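Below is one structure; the comments refer to it alone.
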Amino acid sequence: MSSPIADLSYRHYDGELLPPVNRWWAIAKASIRLSIKKKGFWIWAAISSYWYLIMMATYYFIDNFFSGAAQRGVVQLGQKNPLLSTIIWKDQFLNGFSISQMLLFVIALLVGVGTISNDNRANALLVYLSKPCTKADYVIGKWFGIFLPLTAVTLAPMLFFYAYCAMSFKSYGFFSQDALLLPKLLLISMIPGAVHASLALGVSSLFNQGRLAGATYSGIYFMSLFFTKAMQVVHFKMAAGDHAASPLVDKLYYFSIDGIQIGLAKWILATRGSELFPHQSDLNGIPPTSLSVPQPSFAYIVPLALIACGIGVLVAWRRVRAVEVVGR
Amino acid sequence: MLPVGRWLSPRIRRNALTTERVVYCCVSVVARIENLVVRYGQFTALNGLTCEIPEGATGLLGPNGAGKTTLLKTLLGFVKPASGKAEILGLDAASGDRMIRQKVGLMPEQDCHIPGMSAVQFVAYAGELAGMPPEQGLRRAHEVLEYCGLGEARYRNVETYSTGMKQRIKLAQALVHGPKLLLLDEPTNGLDPAGREEMLELVRSVSHGKGVNVLVSSHVLPDIERVCDRVVVVMGGKLRAAGSIKDLKRIEGDSVDVELREASVPFAQAIQRIGGVISPPKFTTYRIQLPGKPDEVSRAILAAALETRAQVRGYKIAERSLEEAFLDAVS
């Protein structure tokens with residue numbers, strides 16, 4: 001079949017060539033395009049917002065049930081809904097954020113962990129670095145290629161829930177409880193992206209196969225999660241006893257991939273978190289608030305997060321090379 | 001503007017000294033390498049290499065491990081030299097200047113692609129990385145892939161490609177941004193004879209009359225002979241020979257090859273009697289070296305043939321094969 005292009009001989013390109021700067025953005029765009037092509041990304045992104053949907057549905061029914069009761073005269077007209085009045089709104093965002101951690105990890109596995117290892121397998125670094133891209137362009141581009149999709153997936157349901165609450169529960173202190181909630185949520189939404197991008201990049205750069213990198217990252221994630229859950233159990237046991245939980249246990253609780261993210265979110269929101277309905281009765285005499293681990297201090301959680309992210313990026317930086325050096 | 005330098009092969013230099021015959025070959029230089037030393041830890045890959053790569057198509061010859069790929073990587077700034085200087089298109093390679101890689105296209109030896117992309121996406125992306133606006137990159141990707149013979153296969157994922165197709169796509173991604181210099185590292189690796197022919201034809205057509213300078217690194221001599229006009233022979237990280245292929249194949253002392261109808265001992269004796277040096281015949285061809293000007297030599301040989309009644313079937317200036325020249329250079 002004849003080609004639709006008539007002239008098949010080589011023609012030189014004399015068109016525009018942009019200055020060799022900011023190539024990281026081209027790399028980030030390509031990574032994002034590859035990520036959003038995956039069906040799994042959209043499926044898990046949808047699933048990760050499930051807790052926000054449950055909360056929205058719960059509050060909707062509580063609100064409507066109370067309105068109906070008021071119309072039937074069961075409660076006094078104009079009386080505020082006692083359930084909604086007790087809700088600490090920022091804690092609900094923290095709940096949604098905490099519960100979506102596992103699903104965000106799955107998305108990080110899908111879009112992030114194979115990013116450098118697959119390039120290693122396909123010798124793609126030779127393509128990147130033979131073009132006017134630096135190692136910094138490559139690492140930064142790949143980092144943003146994970147960070148931006150994860151941030152979008154974290155932020156979208158948060159904003160949706162925020163918009164719903166802003167429209168429906170203004171009279172229940174949604175704005176007055178924390179006037180800076182929106183910028184804080186914007187900041188929180190970047191945490192999973194930043195943490196997973198840094199760590200996944202580091203793990204990814206160690207392997208030549210995405211699956212191996214994925215298995216390793218999963219191992220690290222679940223081992224650290226197990227540790228965090230163990231610390232949570234210790235905290236419960238101590239809280240249920242006569243004495244308060246040890247500060248060391250509370251600190252170790254944040255010593256995991258999930259823990260770092262939840263700790264940062266608690267620190268930004270300035271809350272230790274609470275249950276869906278904070279007024280619920282005590283559990284065997286323990287107030288529900290004491291079940292949640294206190295918010296970490298800035299001096300602990302921020303350096304911990306920076307060290308974890310820094311190690312990931314540093315490993316990636318050290319491993320990315322255009323040439324396999326032999327004889328050393 | 002490209003720096004202009006005088007490029008003279010060592011063999012010609014030697015000839016110029018010994019036979020007082022001066023042959024100059026004045027061409028522009030695309031890369032200049034001076035006393036280049038590259039080390040990987042304790043291992044010295046390039047050991048004081050000095051050479052110039054002229055415009056046009058140049059072959060970088062050498063056995064495996066000679067330092068060819070290291071030289072290409074040093075020119076691109078992937079490897080920092082321990083000492084010496086490498087200049088490419090007038091820019092210092094050691095500076096890591098990204099302009100170098102914007103003007104140069106590399107076709108690496110190994111298979112390489114971006115996972116998860118079709119050929120069009122891959123080549124367009126390579127163009128974008130090189131600095132082309134995205135829409136130009138896409139347009140050009142179609143053009144270059146068509147030129148490289150990928151046709152409708154360009155919409156397929158690169159990971160499904162055969163070795164030959166992968167070689168073509170490597171060439172396409174190196175060409176997409178219109179480089180001034182194309183570095184080809186073993187371009188015919190893993191290709192079947194037909195694929196090899198096509199690849200060599202592609203490279204030859206790009207390097208001749210299209211304004212693209214090509215440096216082909218290979219140890220396959222017929223490939224180099226087919227595509228290149230000049231060669232640089234490297235071995236053990238050092239320059240062993242450089243010059244045009246024609247010069248390299250030339251035999252010192254103006255020998256001639258004389259083909260007879262059948263081997264003739266009297267003819268050989270006659271040549272020896274007039275002071276000639278004659279080699280044992282290959283089939284019916286004698287290599288003869290006689291003092292004197294070319295027309296005097298031919299007259300003397302024909303006279304000897306007439307005297308001994310040997311029938312001359314062929315007469316030409318003797319030259320070695322590139323393989324012989326290469327073996328001579330590296331031995």
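Partner lysines whose Cα lies under 18 Å from the Cα of residue A:131, excluding those fewer than 8 positions away in the same chain, are identified as A:29, A:142, B:73, B:80, B:103, B:170, B:180.
Under a cut-off of 29 Å between alpha-carbon atoms, report the lysines in cross-link reach of residue B:293, not counting same-chain residues fewer than 8 places apart. The qualifying lysines are B:246, B:249, B:282, B:316.
Principal semi-axes of the equivalent ellipsoid, √(5λ) from the alpha carbon gyration tensor of chain A, are 45, 26, 16 Å from largest down. Site pair residue B:327 and residue B:284 shows an inter-label distance of 2.6 nm when each label is modelled 7 Å from Cα along Cα→Cβ. A viscosity of 1.002 mPa s and a temperature of 20 °C, combined with the Kirkwood radius over C-alpha pairs in the Stokes-Einstein formula, give region B:250-321 a diffusion coefficient of 181 µm²/s.
A crude spin-label estimate for the pair residue B:35 and residue B:156, with each label 7 Å from Cα along the Cβ direction, gives 5.3 nm.
In degrees, nearest 10, range 0 to 90: what is the angle between the Cα axis of helix A:210-240 and the longest Cα principal axis of chain A? Helix A:210-240 sits roughly 20 degrees off the main axis of chain A.
Label-to-label distance, residue A:102 versus residue A:182, with points set 7 angstrom from Cα along the beta-carbon direction: 3.4 nm. When only the Cβ of Lys, Arg, Asp and Glu is charged (+1, +1, -1, -1), the dipole of region B:10-247 relative to its Cα centre reaches about 640 debye.
Residues of region A:299-315 with an amide N closer than 20 Å to a point placed 7 Å from the Cα of residue A:135 along the Cα-to-Cβ direction: A:309-315. In the distance distribution for region B:10-247, Cα-Cα pairs more than 28 Å apart total 32 percent.
Quick check for you: which residues of region B:279-303 have the amide N under 16 Å from the point 7 Å beyond the Cα of residue B:259 toward its beta carbon? B:281-288, by backbone N distance to the label point.
Could you calculate, for region B:99-141, the ratio of the Cα radius of gyration to the Kirkwood radius, expressed as Rg to Rh? Ratio of gyration radius to Kirkwood radius for region B:99-141: 0.98. Using the alpha-carbon positions of region A:146-221, Rg (one decimal) and Dmax (whole number) come out as 17.3, 56 Å.
Rg(Cα) of region A:106-205 divided by 2.2 N^0.38 Å?
In units of the 2.2 N^0.38 Å rule of thumb, it is 1.44.
Here the dipole of region B:250-321 is about 120 debye; that uses its Cα centre as origin and unit charges on the Cβ of Lys and Arg (positive) and Asp and Glu (negative).
Which of rounded, prolate, oblate describes the protein assembly as shown, given a ≥ b ≥ c as roots of the alpha-carbon gyration tensor eigenvalues and a/c under 1.5 marking rounded, otherwise prolate only if a/b is larger than b/c? Prolate is the answer for the protein assembly as shown, as a/c is 1.5 or above and a/b outweighs b/c. Only helices enter the 222 nm calculation for chain B: every DSSP H run of n ≥ 4 contributes -39,500 (n - 2.57), and dividing by all residues gives -11000 deg cm²/dmol, rounded to 500.
Which values of log₁₀ I(q)/I(0), to two decimal places, follow from the Debye formula for region B:61-196 at q = 0.12, 0.18 Å⁻¹ with a uniform point scatterer at every Cα? So the normalised log intensities are -0.50, -1.02.
Restricting the chymotrypsin sites (Phe, Trp or Tyr not before Pro) of region B:265-331 to loop positions (DSSP other than H, G, I, E, B) with no more than 14 neighbouring Cβ atoms within 10 Å leaves B:283. Here the protein assembly as shown is treated with +1 on each Lys and Arg Cβ and -1 on each Asp and Glu Cβ, and its dipole about the Cα centre works out to around 480 debye.
FYI, it's all coordinate maths here, none of it is from the lab. Remember, it's a predicted structure, so these values are computed and weren't measured experimentally. In this analysis, Cβ positions are derived from the backbone assuming ideal geometry, glycine residues included, and neighbour counts consider all displayed protein chains.
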